[in-house]
Each structure stands twice: as C-alpha cells, then as structure tokens.
1. Just want to confirm a number: the relative contact order over the chain, from Cα pairs under 8 angstrom separated by 6+ residues, in percent.
2. Rank 116, 9, 14 by accessible area, highest first, at a 1.4 Å probe radius?
3. Evaluate the distance, in nm, between pseudo-label points positioned 7 Å from the Cα of residue 90 and of residue 33 along their respective Cα→Cβ axes.
4. Which of 59, 93, 82 sits closest to the plus end of the dipole of region 16-136, meaning its Cα is farthest towards the positive end, when Lys and Arg get +1 and Asp and Glu get -1 on the C-beta?
5. What part of the accessible area of the chain, given as a whole %, is carbon or sulfur when the probe is 1.4 angstrom?
6. Can you tell me the accessible area per residue over the chain, all protein chains present, probe 1.4 angstrom, in square angstrom?
7. Out of these labelled values of Kirkwood radius over Cα pairs in Å, [x] 15.4; [y] 14.5; [z] 20.2, which was calculated from the coordinates shown here?
Amino acid sequence: MGKNYVDIENDHGETLRYRKHVNGRGLVAHGAKVHPDARVEVGAYVEPGAQVAAGATIARGAWIESEAVVGPDAYIDANAHISPKAAIGARAHVGVRTRVGVGARVAKNAKIGDDETIPDGGTVVTDARGTLHLAA
C-alpha cells in the first residue's frame, strides 16, 4: 500500500505536506479543514487554512487557496480557482475554469457558468437561470 501523503515545494521554497482525502483522493494540505463527507477529486488541491463543508465537491483540477471557505453541498467544477479568502455559499455551483477573486463572495444557490471571472472583493448572486448579478 502506498503512502497517503505527498510533499510539494511551493514558490517560496517551503515544503507543504498534502494528504489524500478519503473521499476522492484529491490533495488536502496540512492545516486545511475538509469534512469527511466532502469529495475532493484526484488532481484537486485544498491549501492550508481553507475550509470545505460537508457534501461539497471539489472537482478534478480545481484549486481552493488558503483561507477560502466552500459551503455545504457547493460544487466547484473542474479547473476552477477559488482565490484566498473567497467564500462560496451553500449549494452554489462554480463552473469549469471559473476564477473567483481574492475575498470575493458567491451567494448560496448561485450558479456561475464556465470561464467566468469574479473580481477581487466582488459579491455575486444569480437568478434561477444563472444570470449573474454583481452586488456592490
């Protein structure tokens, strides 16, 4: 049986240890809090200080940066990037290759499409069809 962790050197020369999440085998850094009922797929990363709630899915290639929060039953699609200190509400869906900026907020039940960019500090809600509304 192989080891259940991986050591990776970051851009600052520091070595970070990631464990393979029990549900999906994606990589979760030491210091991140990921609920056992969340799914972190292979190729996804959750950085130190990030939090992922029960029922959330972090799809293949998605990246959850430090101090970001992903709410219950949220879905972060493939290759999406959730920047530091961003918050994703309960049952929200962030599309493929979408970037959520530093400190941005995505409201609960919001549906963000593919290849979108949510600006740093922005707040986003959507209507039932997924039409974006940026709040001040």
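The values are calculated or read from the model by the stated rules, or taken from the named source; none is laboratory data. No experiment lies behind these values; they were computed from the predicted model shown. Using ideal geometry, Cβ is built from the backbone for each residue, glycine included, and neighbour counts are taken over all protein chains shown. Only protein heavy atoms, including side chains, enter the accessible area calculation; ligands, DNA and RNA are left aside. Shrake-Rupley method; radii C 1.70, N 1.55, O 1.52, S 1.80 Å.
1. 12 percent
2. 9, 14, 116
3. Simple spin-label model gives 1.7 nm for this pair.
4. Towards the positive end, the residue furthest out is 59.
5. 51 percent
6. Roughly 52 Å² per residue, with all protein chains present.
7. [y]
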